[in-house]
2 protein chains.
Amino acid sequence: MTTIAYLGPAGTYSEMAALQYLQLNYPDLTRDIPTLRPYQTIPQAINAAEHGHVDIAVVPVENSIQGGVTMTLDSLWQSESLQIQQAIVLPIAHALITRAPNLEDIKAVYSHPQSLAQCQQWLDRYLPNVQQIATDSNTDRLHSVAEDATVAAIASQHAAELYKLPVLKFPINDQPDNCTRFLVLGRTTPTTKGTHSSLAFSLKRNMPGALVKPLLVFADRQINLSRIESRPTKRSLGEYIFFLDIDAAIEDPNFSEALVELQNVTENLKILGSYSIA
Amino acid sequence: MTTIAYLGPAGTYSEMAALQYLQLNYPDLTRDIPTLRPYQTIPQAINAAEHGHVDIAVVPVENSIQGGVTMTLDSLWQSESLQIQQAIVLPIAHALITRAPNLEDIKAVYSHPQSLAQCQQWLDRYLPNVQQIATDSNTDRLHSVAEDATVAAIASQHAAELYKLPVLKFPINDQPDNCTRFLVLGRTTPTTKGTHSSLAFSLKRNMPGALVKPLLVFADRQINLSRIESRPTKRSLGEYIFFLDIDAAIEDPNFSEALVELQNVTENLKILGSYSIA
């Protein structure tokens with residue numbers, strides 16, 4: 001039976017993305033239902049898939065407001081066996097979950113740092129003197145919310161329903177167009193034909209100016225990049241790994257040729273997968 | 001009298017960077033000693049400088065392991081008046097500060113998410129089942145460490161001395177070459193001649209492939225980039241602001257010409273400052 005790792009506990013946006021993956025890929029849910037398995041951190045979920053403890057990991061990779069999820073990018077670069085199977089984009093709408101009858105009764109707000117950041121203006125305006133406490137996931141402290149009417153958590157309405165807790169305010173995210181892209185990672189090559197590809201590379205000359213050559217490889221072939229993100233190599237300041245998303249499948253001959261040329265102008269080149277976006 | 005905002009409370013690496021700034025710029029510390037003023041978050045410290053509540057803010061912008069400090073980059077892009085006055089690079093060496101006599105006695109570790117991430121392998125190995133609690137700064141919870149011998153904090157040896165607390169293990173950062181670059185931000189143009197410049201821009205065509213043109217402007221003129229980083233525009237997935245550091249002063253005619261040309265291939269272009277690195 002297929003097992004799927006996600007950033008838990010139950011009720012996180014990662015779980016919602018994992019459930020969406022199930023709906024898309026297992027339409028007949030009366031048999032062979034995959035098991036969802038929560039992990040405490042993103043690297044733990046990715047490592048579980050890398051080492052075969054689960055078949056698949058569903059992890060966030062980029063939010064439209066907060067940008068790249070660095071733990072996911074760094075784990076992907078280090079992974080030796082994982083390929084991106086699919087990408088899933090979820091709209092994010094945050095709820096203030098609390099048993100407090102009014103905002104004035106709230107003393108502390110718990111949530112994942114990304115969620116706190118996505119509601120920063122709202123918090124500054126409506127809960128200016130309330131302690132904001134960062135947690136491993138949005139739903140980590142919903143048990144505290146259940147026990148203590150002076151604390152609140154920021155999570156989805158789905159999480160509030162799951163834990164049978166009241167929503168005091170919704171939505172509270174600063175930008176209405178808030179969405180997060182999740183990656184489905186596994187050790188196999190996807191069976192369905194991809195439409196997008198991701199790759200990452202370091203550069204031979206340790207200077208970002210050398211990035212112009214890899215970018216020209218794509219520009220010369222009219223291949224569109226939908227994303228570029230830099231991460232430190234962790235060797236020293238000023239050395240980077242670049243993550244690129246490309247609007248082309250790996251089977252596309254134009255793209256295959258670009259990859260050959262790319263080998264010559266990069267140090268380490270890693271194909272992270274060719275996949276479809278849901 | 002000059003006032004300097006930093007991410008507090010006392011004992012943070014930001015305070016160490018602010019002290020270094022003082023040593024460099026106020027060699028005669030017997031008179032006109034600037035006042036250091038701690039702020040609870042990075043945006044609060046930057047806003048204080050932006051709105052004239054302080055003269056200068058000293059904030060982290062990039063760590064060699066964890067990458068860009070997104071709150072600093074986003075605040076810089078939004079700022080209307082701040083210019084980078086100076087950059088300061090500090091080596092970072094983390095200590096495990098606790099009254100616990102042995103590692104086995106520790107139940108929880110407090111620190112800033114960046115510091116926890118910089119010690120992740122050490123924590124996974126030596127404190128695998130201990131709760132890791134993210135705080136606004138490294139020194140936020142040193143009072144808890146003073147009161148409770150079952151908790152620990154990750155901060156500098158300087159912080160341990162300041163709060164008169166024992167260091168159980170040092171250094172505990174995973175990479176020995178760990179350093180952080182800080183920016184000194186103010187509303188004036190620096191009086192000393194710069195050696196480096198920083199700028200940021202968004203692109204007219206909302207696609208990262210369009211980044212090749214701005215990069216070519218520099219490559220064609222043999223101007224070296226020492227850093228490139230992307231941040232979301234917060235409008236929608238796939239639209240970015242790019243932050244570039246350049247090894248040239250703004251007075252350099254070669255660079256001034258590049259800036260004129262850059263106007264034509266970018267949407268919004270913002271010069272963040274021309275400054276020296278200490």
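Below is a table of values for the structure above.
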| quantity | calculated |
| --- | --- |
| Net charge over other residues, Cβ less than 13 angstrom from the Cβ of residue A:17 (K, R count +1; D, E count -1) | -1 |
| Within chain A, helix-based [θ] at 222 nm, where runs of 4 or more DSSP H residues each add -39,500 (n - 2.57), nearest 500 | -8000 deg cm²/dmol |
| Cβ-based net charge around residue B:198, under 10 Å, with every Lys or Arg adding one and every Asp or Glu removing one | +1 |
| Stokes-Einstein D in µm²/s, Kirkwood radius over Cα pairs - the stretch A:95-169 at 10 °C with 1.306 mPa s viscosity | 134 |
| Footprinting exposure proxy for B:35, B:180, A:266, A:139 (fewest neighbouring C-beta atoms within 10 Å first) | B:35, A:266, B:180, A:139 |
| Choice from A:260, A:217, A:69 with maximal GNM fluctuation in chain A (Cα, 10 Å cutoff) | A:260 |
| Distances in nm from residue B:260 to the matching label points in the other copies, shortest first (labels 7 Å along Cα to Cβ) | 4.3 |
| Modelled FRET efficiency - R0 45 Å, residue A:249 with residue B:23, Cβ distances, 0.05 increments | 0.20 |
| Principal axis dimensions, chain A - Cα atoms, whole angstrom, descending | 62, 48, 31 |
| Radius 12 Å from Cβ of residue A:8, net charge of other residues (Lys, Arg +1; Asp, Glu -1) | -2 |
| Listed residues A:82, A:162, A:244, most fluctuating in chain A (Gaussian network, C-alpha, under 10 Å) | A:162 |
| Computed E for residue B:193/residue A:268 - FRET, C-beta separation, R0 45 angstrom, nearest 0.05 | 0.70 |
| Per-copy distances of the residue A:124 label point, shortest first, in nm (7 angstrom along Cα→Cβ) | 3.6 |
| Pairs of lysines in chain A (C-alpha under 16 Å apart; 8 or more residues apart or interchain) | 4 |
| Neighbour-limited loop hits for GluC sites (Glu not before Pro), the stretch B:52-119 (at most 10 other Cβ within 10 Å; DSSP other than H, G, I, E, B) | B:80 |
| For the stretch A:196-277, projected area of the alpha-carbon convex hull averaged over all directions, nm² | 5.0 |
| Rg to Rh, two decimals, where the protein assembly as shown supplies the alpha carbon set and Rh follows Kirkwood | 0.96 |
| Overall form of the stretch A:230-278 per C-alpha gyration tensor (a/c, 1.5; a/b vs b/c) | oblate |
| GNM top mover of A:67, A:11, A:238 - chain A, alpha-carbon springs below 10 Å | A:238 |
| Inter-site label distance for residue A:276 and residue A:161 at 7 Å from Cα along Cβ, in nm | 2.6 |
| Beta carbon of chain A nearest to the axis of the rotation taking A to B, residue and angstrom distance | A:134, 2 |
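None of the figures in this text is laboratory data; all of them are computed from the coordinates on show. The structure displayed is predicted, hence computed values, not measured ones. Backbone-built Cβ (ideal geometry, glycine too); neighbour counts: all protein chains shown.
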